[in-house]
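Scroll down for the structure; my scribbles are underneath it.
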Amino acid sequence: MNPVAVSVIIPVRDDPRVFRAVESVLACAGEAASLQVIVVDNGSPPAFAEDLRTRFGGDVELMEVAAPGVYGARNRGIEASNGDVIFFTDADCLIRPGWVAAGLETIAAGADIAQGYSGSLGDSPVRRLIQLRYEAHLRRLAPGDPTECDTRNLAVHRRVFETIRFEEGYRRVGDTEFGLCAEVAGFRVGYQPRMRVDHEHEDDLPLFAAKQVCHGWGAQRLMQQHPEVEWHGGHLKAVSRVSKRLAPRAGMNLIARACSRGSVWNAALLQRCAGRLPVAVGFWWLTGIDKLAALGGHLAYLPGSPEPSPSEVLRRRLSRD
């Protein structure tokens, strides 16, 4: 394989875990012809922004993008990048050795986009359940199979960005939208389980449920705005058909709120007893919470309606929304 220049883009907003994330990326420097690391500060408070400016330099390029929006931050990072292949991860992740090499191998084999596997940092009962729920669909995939994209662990050949960028107008589902629209444009997504990061899940199941409500809303928005995309999960196509029929009906917003609140209530109950339940029971309970939350988000979507946030769903202010 010819030597390849690599750029890695990490957006951050007031999250000190970014320093360990960058250290883990720099440890992969020998896996590429050159490694450019770009940290995009997306509106951090002044004290943390100054900490970033003080600690990053030399091997790390720091950009400041004041306008809120993680996908806009990633797009600004793309514009500043010089790599042939651009990798993405998040501030709350740690990179495993071989990450860059595995992504480059997948792209050299014919993929335009390589989607990696994300493990878990920490081992509490709640984090174990969230990780089991996250990786449920990955167990069915073989290396090279197409799948939905997640910028927690993604590599993209530069040629893709000549055709498509991340949608900046929404807070969630932009990475899924990017991957599915890229496939419509003729690009290939390939799963690579050896391209690994470890992600630090929030030890907070009500927050997990609230985020899934927002993801459901975003998925329904994507389905209606881009009916041409082909989802890899067949159940999402069924959800789209059903929710399009139901959403205009009177009282559907009440059902959407009931689903959302029911998912958060169940998540709080599971949080209290997760450590005392058999893992299989906790997993299936969380699966039900996940689906109920997503259904609430799907049914809440109406064209032109404002995008929900986890803070709104939980009715409490979160530092990172």
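The values are calculated or read from the model by the stated rules, or taken from the named source; none is laboratory data. Please read these numbers as outputs of a predicted model, since none were measured by experiment. So basically every Cβ, Gly included, is an ideal-geometry build from the backbone, and we count neighbours across all protein chains shown. In case anyone asks, the SASA skips ligands and DNA or RNA and just uses the protein heavy atoms, side chains included. Shrake-Rupley method; radii C 1.70, N 1.55, O 1.52, S 1.80 Å.
Just to be sure, is N153 at pLDDT 95 or above and either open to solvent by 60 Å² or more (accessible area, probe 1.4 Å) or touching a Cys at 6+ places or on another chain (Cβ under 9 Å) (or both)?
Values: at pLDDT 95 or above: yes; either open to solvent by 60 Å² or more (accessible area, probe 1.4 Å) or touching a Cys at 6+ places or on another chain (Cβ under 9 Å) (or both): yes.
Yes: the conditions hold for N153.
Does H226 qualify as being touching a residue at least 40 places away in the same chain (Cβ under 8 Å) and more than 19 Å from S118 (Cβ to Cβ)?
Taking the combined requirement at face value, the residue satisfies it.
For residues that are among the basic types (K, R) and assigned to a loop (DSSP other than H, G, I, E, B), scanning just region 1-29, find the one that is least open to solvent (accessible area, probe 1.4 Å).
R17
Name every residue in region 58-69 that is open to solvent by less than 50 Å² (accessible area, probe 1.4 Å) and not in a strand (DSSP E or B), in order of residue number.
Selection gives V65, G69.
With L141, L207 as the choices, which residue is of a type outside the set (D, E) and in contact with a Leu (Cβ under 8 Å, 6 or more places away or on another chain)? Even if it seems obvious, please write down each step before you answer.
On the way: L141 fails: in contact with a Leu (Cβ under 8 Å, 6 or more places away or on another chain).
Checking each option against the conditions leaves just L207.
Which one of the conditions (1) farther than 19 Å from R152 by Cα; (2) in contact with a Pro (Cβ under 9 Å, 6 or more places away or on another chain); (3) not β-branched (V, I, T) does G77 fail to meet, given that it meets all the rest?
(1)
Conditions (1) under 24 Å from F166 (Cβ atoms); (2) out of contact with any strand residue (DSSP E or B) (no Cβ under 9 Å at 6 or more places or on another chain), marked per residue:
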position	(1), (2)
R17	yes, no
V25	yes, no
E50	no, yes
R53	no, no
D59	no, no
L62	yes, no
G77	yes, no
N82	yes, no
L94	yes, no
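Which of the residues belonging to region 263-291 are closer than 12 Å to F208 by Cα, of a type in the set (A, V, I, L, M, F, W, C) and in contact (Cβ under 8 Å) with a residue 60 or more places away in the chain?
Matches in region 263-291: A267, A268, L270, L286, I289.
Would you pick out the residues in region 91-109 that are open to solvent by 40 Å² or more (accessible area, probe 1.4 Å), part of a loop (DSSP other than H, G, I, E, B) and among the small types (G, A, S)?
Across region 91-109, the qualifying residue is only A109.
Considering only residues that are open to solvent by 40 Å² or more (accessible area, probe 1.4 Å) and not aliphatic (A, V, I, L, M), look in region 168-192 and name the one that is nearest to L222 (Cα to Cα).
Y170
Scanning for something open to solvent by less than 20 Å² (accessible area, probe 1.4 Å) and over 23 Å from P97 (Cβ atoms), does region 30-41 turn up at least one residue?
yes
Within region 275-308, can you find the residues that are surrounded by fewer than 22 Cβ atoms within 10 Å (Cβ to Cβ), of a type in the set (G, A, S), more than 21 Å from the chain's Cα centre (by Cα) and assigned to a helix (DSSP H, G or I)?
G275, A280
Could you grab me the full set of residues in region 76-90 that are open to solvent by less than 10 Å² (accessible area, probe 1.4 Å) and outside any strand (DSSP E or B)?
G77, I78, G83, listed by residue number.
Filter region 156-167 for residues that are in contact (Cβ under 8 Å) with a residue 60 or more places away in the chain and open to solvent by less than 50 Å² (accessible area, probe 1.4 Å) and give the result.
Correct list: V156, H157, F161, F166.
Go through region 115-228 and tell me which helices (runs of 4 or more DSSP H), entirely inside it, have 1 or more residues that are among the polar types (S, T, N, Q). Even if it seems obvious, please write down each step before you answer.
Numbers: elements: 125-134, 158-161, 174-184, 205-225.
Where helices (runs of 4 or more DSSP H) fall fully within region 115-228 and carry at least 1 residues being among the polar types (S, T, N, Q), they are 125-134, 174-184, 205-225.
Starting from region 14-27, keep only residues that are more than 16 Å from F88 (Cα to Cα), then list their pairs with residues that are open to solvent by 10 Å² or more (accessible area, probe 1.4 Å) and part of a helix (DSSP H, G or I) whose Cβ atoms are within a distance under 8 Å, requiring at least 6 positions of separation or different chains.
The qualifying pairs are D14/F48; P16/F48; P16/D51.
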